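Structure first, commentary second.
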Amino acid sequence: MDTTTLYYTVRTGDTLSKIAARIHVTLAQLLEWNPEITDPNIIHLGQRIRVSPPEGVPVPDQEFEPFPGADFFQPATVSPIIEVMGYRLIDEGCSVYPGDPDAQWSEADRASYAKWQRKLGFSGADADGIPGKNTWDKLHVPVVFE
């Protein structure tokens, strides 16, 4: 397992949410890795932000989230995996999100995922917006550090 800590230097227009989206992690993870940030709405030009786990914290060996199973995708489900999935759908041009995705499974997630399924050539019941292993594996959702 790699334990190298990576940093990002804040530039004009950056927010923690934008940085998190860019590197496919959640805002909560950035805050956990940067305990010196007490207000997530305040960062400064030139500030160094830790964008990987601190030195000595193991990083998962796998690069992508394994398929969590179709039953995972329910309205009551709240998980950083859903938020990171949403950003991957945006990267793939398959977003119908009104703003940024969040950690709770929603109709916007389902509709965006259906758009992804159609992009892959699926139709009808095979493009219902509920992830299956085949389409999930092709989306390459980065592993979530929890």
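3J(HN,Hα) couplings calculated from phi for region 123-140 with the Karplus curve 6.51 cos²θ - 1.76 cosθ + 1.60 (θ = phi - 60°) are, in sequence order, 8, x, 5, 7, 10, 8, x, 9, x, x, 4, 4, 6, 4, 4, 6, 6, 6 Hz; Gly and Pro show x. Across the chain, Cα pairs under 8 Å and at least six residues apart give a relative contact order of 26 percent.
Considering only GLN74, ILE42, PRO98, and ranking their Cα positions along the charge dipole of the chain that arises from unit charges at the beta-carbon of Lys, Arg, Asp and Glu, the one farthest toward the positive end is PRO98.
I need the peptides 134-141, 96-103 ranked by packing, meaning the mean over residues of other C-beta atoms within 10 angstrom, with the highest value on top.
In decreasing order of mean packing, 134-141, 96-103 become 134-141, 96-103.
Number of Lys-Lys pairs in the chain with C-alpha atoms under 17 Å apart and a separation of 8 or more places or on different chains: 4. At a 1.4 Å probe radius, carbon and sulfur cover how many percent of the accessible area of the chain? Its accessible area is 53 percent carbon and sulfur atoms. At full extension, ALA76 and ILE23 could sit 16.5 nm farther apart than now, given 0.36 nm per residue minus the alpha carbon distance.
What the phi angles of region 100-106 give under the Karplus curve with 6.51, -1.76 and 1.60, with θ = phi - 60°, is a coupling list of 7, x, 10, 7, 9, 4, 9 Hz, glycine and proline written as x. Here the Karplus curve 6.51 cos²θ - 1.76 cosθ + 1.60, taken at θ = phi - 60°, turns the phi angles of region 110-118 into couplings of 4, 5, 5, 5, 4, 4, 4, 4, 5 Hz, with x standing for Gly and Pro.
Debye-formula intensities of region 38-129, expressed as log10 I(q)/I(0) at q = 0.10, 0.12, 0.18, 0.19 Å⁻¹, are -0.37, -0.51, -0.95, -1.01 (one equal scatterer per alpha-carbon, no solvent).
The values are calculated or read from the model by the stated rules, or taken from the named source; none is laboratory data. In this text the structure is predicted, and so the values were computed from the model without any measurement. Cβ sites come from the backbone with ideal geometry, for glycine too, and all protein chains shown count toward neighbours. Ligands, DNA and RNA are stripped out before the accessible areas are found, and what is left, the full protein with its side chains, is counted by its heavy atoms. Shrake-Rupley method; radii C 1.70, N 1.55, O 1.52, S 1.80 Å.
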